[in-house]
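**Student:** Structure provided below as structure tokens; questions to follow.
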Amino acid sequence: MNDHRVNIIGVPISAVNMDSALQGITGYIRNKTYGYICISNVHTTVMAHDNAQYHAVQSQSLMSLPDGKPLSVVGRKRCPQMDRVKGPDLMSRILELSAQEGYSHYFYGNTAENLETFIAHIKERYPGLKIAGYEPSVFRDLTQAEEDALCKTINDSAPDFCWVALGAPRQEIFCAKLTGRVQSLMIGVGGAFNVLAGLIPDAPLWMQKVSLEWLYRLLQEPKRLFKRYATTNTRFLYYLLKERFEKH
């Protein structure tokens, strides 16, 4: 797939919608193109703008999908077919498709308890789904021996997809580091395990459509998200305005 991207505050975001993203992803699987896919939002885009190393991680991905509504809104002005690709929705579509195509999956990250709940849920929701394996996060950097062992475990189980739920920017950096060592398509999906398992409620559709999902999430987790939204959202708007002013 020729991954066409648009620059949003200087960060390349894939100009896709759900259907074209799925087409590209299944193409990677058919061709055994291994690497990683980023699920990008305002938070990760601002971090990539501000940090050269993280910018490289985002830029070198096979795709950086516009998960955040603001990214798709800005991108659509430059590429009309571009639309939002939410991480949990993408994961659901791929798991549904897997029952027909026989794709297998490895899941890495989250707490042991939440991961078990998630695995039980997807086994019930997607009968016949091939689960190659799963392992919770240790919530710290892996030692070299642990990293080597994880790569061997994943490769020995030979999954088509390796889903990584460590949160941004850790999961993207992790995937970039393991590229070339893990023979699987890695996708960093943040809280998607918890959303699909029903542990974290998704925002009502009407709030998603009017770009108020951030408010819903803030009300759910005010302590964790207030500082992020107060800083990164403000910086994102500033960078957009600055970019527009400089062009004129």
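**Student:** Of Tyr106, Tyr54, which residue is of a type outside the set (A, V, I, L, M) and touching a Cys at 6+ places or on another chain (Cβ under 7 Å)?
**Tutor:** Values: Tyr54 fails: touching a Cys at 6+ places or on another chain (Cβ under 7 Å).
Selected residue: Tyr106, the only one of Tyr106, Tyr54 that is of a type outside the set (A, V, I, L, M) and touching a Cys at 6+ places or on another chain (Cβ under 7 Å).
**Student:** On to the next question. For region 62-75, what are the residues that are at pLDDT 95 or above and open to solvent by 30 Å² or more (accessible area, probe 1.4 Å)?
**Tutor:** Passing the criteria: only Leu62.
**Student:** Anything in region 161-190 that is open to solvent by 40 Å² or more (accessible area, probe 1.4 Å) and touching a Gly at 6+ places or on another chain (Cβ under 8 Å)? List them, or say none.
**Tutor:** First, the residues of region 161-190 that are open to solvent by 40 Å² or more (accessible area, probe 1.4 Å): 169-170, 173, 177, 179-181, 183.
Listed by number, the list holds a single entry, Thr179.
**Student:** How many of the residues in region 171-195 are modelled with pLDDT of 95 or more, within 9 Å of the chain's Cα centre (by Cα) and closer than 19 Å to Ala132 by Cβ?
**Tutor:** 4
**Student:** Going through Tyr36, Tyr28 one at a time, which residue ends up being more than 24 Å from Leu237 (Cα to Cα), outside any helix (DSSP H, G or I) and among the hydroxyl-bearing types (Ser, Thr, Tyr)?
**Tutor:** Values: Tyr28 fails: outside any helix (DSSP H, G or I).
It is Tyr36.
**Student:** If you don't mind, there's one more thing I want to ask. Give the residues of region 45-61 that are open to solvent by 40 Å² or more (accessible area, probe 1.4 Å) and either acidic (Asp, Glu) or outside any helix (DSSP H, G or I) (or both), sorted by residue number.
**Tutor:** Those that are open to solvent by 40 Å² or more (accessible area, probe 1.4 Å) and either acidic (Asp, Glu) or outside any helix (DSSP H, G or I) (or both): Asp50, Asn51, Gln60.
**Student:** Scanning region 76-124 for residues that are open to solvent by 80 Å² or more (accessible area, probe 1.4 Å) and in contact (Cβ under 8 Å) with a residue 24 or more places away in the chain, which turns out nearest to the chain's Cα centre (by Cα)?
**Tutor:** Our first condition is that a residue be open to solvent by 80 Å² or more (accessible area, probe 1.4 Å); within region 76-124, this holds for 76-78, 80-81, 93, 96, 100-101, 113, 116, 123-124.
Applying the additional criterion that residues be in contact (Cβ under 8 Å) with a residue 24 or more places away in the chain yields 78, 81, 93, 96, 101.
Numbers: Arg78: 22, Gln81: 20, Arg93: 14, Glu96: 18, Glu101: 22 Å.
If we take residues in region 76-124 being open to solvent by 80 Å² or more (accessible area, probe 1.4 Å) and in contact (Cβ under 8 Å) with a residue 24 or more places away in the chain, then Arg93 is nearest to the chain's Cα centre (by Cα).
**Student:** Further question: Filter region 1-19 down to residues that are over 16 Å from the mean Cα position of the chain (by Cα) and polar (S, T, N, Q) and give me whichever is surrounded by the most Cβ atoms within 10 Å (Cβ to Cβ).
**Tutor:** Asn7
**Student:** Counting only residues that are of a type in the set (Gly, Ala, Ser), give me the helices (runs of 4 or more DSSP H) lying completely in region 80-171 with at least 3 of them. Even if it seems obvious, please write down each step before you answer.
**Tutor:** Working: elements: 87-101, 112-125, 144-157.
Here the list reads 87-101, 144-157.
**Student:** Return the residues of region 73-101 that are closer than 13 Å to Ile13 by Cα, touching a Gly at 6+ places or on another chain (Cβ under 9 Å) and among the aliphatic types (A, V, I, L, M); say none if nothing qualifies.
**Tutor:** Met82
**Student:** Let me ask you something else. Condition test on Arg76, is it over 28 Å from Ala230 (Cβ atoms), of a type in the set (Lys, Arg) and out of contact with any Leu (no Cβ under 6 Å at 6 or more places or on another chain)? Lay out the reasoning, then the answer.
**Tutor:** On the way: over 28 Å from Ala230 (Cβ atoms): no; of a type in the set (Lys, Arg): yes; out of contact with any Leu (no Cβ under 6 Å at 6 or more places or on another chain): yes.
Answer is no for this residue.
**Student:** Another one. Could you say whether any residue in region 220-235 is assigned to a loop (DSSP other than H, G, I, E, B), among the aliphatic types (A, V, I, L, M) and either modelled with pLDDT of 95 or more or surrounded by 15 or more Cβ atoms within 10 Å (Cβ to Cβ) (or both)?
**Tutor:** Taking region 220-235 first, the residues assigned to a loop (DSSP other than H, G, I, E, B) are 221.
Filter once more, so that each one left must be among the aliphatic types (A, V, I, L, M): none.
No; the residues of region 220-235 include none that is assigned to a loop (DSSP other than H, G, I, E, B), among the aliphatic types (A, V, I, L, M) and either modelled with pLDDT of 95 or more or surrounded by 15 or more Cβ atoms within 10 Å (Cβ to Cβ) (or both).
**Student:** Please work out if Tyr36 is hydroxyl-bearing (Ser, Thr, Tyr), under 13 Å from the mean Cα position of the chain (by Cα), modelled with pLDDT of 95 or more and closer than 25 Å to Gly180 by Cα. Show your work before the answer.
**Tutor:** Working: hydroxyl-bearing (Ser, Thr, Tyr): yes; under 13 Å from the mean Cα position of the chain (by Cα): yes; modelled with pLDDT of 95 or more: yes; closer than 25 Å to Gly180 by Cα: yes.
It is true that Tyr36 is hydroxyl-bearing (Ser, Thr, Tyr), under 13 Å from the mean Cα position of the chain (by Cα), modelled with pLDDT of 95 or more and closer than 25 Å to Gly180 by Cα.
**Student:** A further question follows. Does region 151-158 include one or more residues that are modelled with pLDDT of 80 or more, open to solvent by 30 Å² or more (accessible area, probe 1.4 Å), under 26 Å from Val74 (Cα atoms) and among the small types (Gly, Ala, Ser)? Talk me through it step by step, then tell me what you get.
**Tutor:** First, pick out the residues of region 151-158 that are modelled with pLDDT of 80 or more: 151-158.
Then keep just the ones that are open to solvent by 30 Å² or more (accessible area, probe 1.4 Å); that gives 152-153, 155-158.
Next, only the ones that are under 26 Å from Val74 (Cα atoms) stay: none.
Among the residues of region 151-158, not one is modelled with pLDDT of 80 or more, open to solvent by 30 Å² or more (accessible area, probe 1.4 Å), under 26 Å from Val74 (Cα atoms) and among the small types (Gly, Ala, Ser), which makes the answer no.
The values are calculated or read from the model by the stated rules, or taken from the named source; none is laboratory data. Being a predicted model, the structure only gives us computed values, none of them experimental. All Cβ positions, even for glycine, are placed from backbone atoms using ideal geometry, and neighbour counts span all protein chains on display. Ligands, DNA and RNA are excluded from the accessible area calculation, which covers all protein heavy atoms including side chains. Shrake-Rupley method; radii C 1.70, N 1.55, O 1.52, S 1.80 Å.
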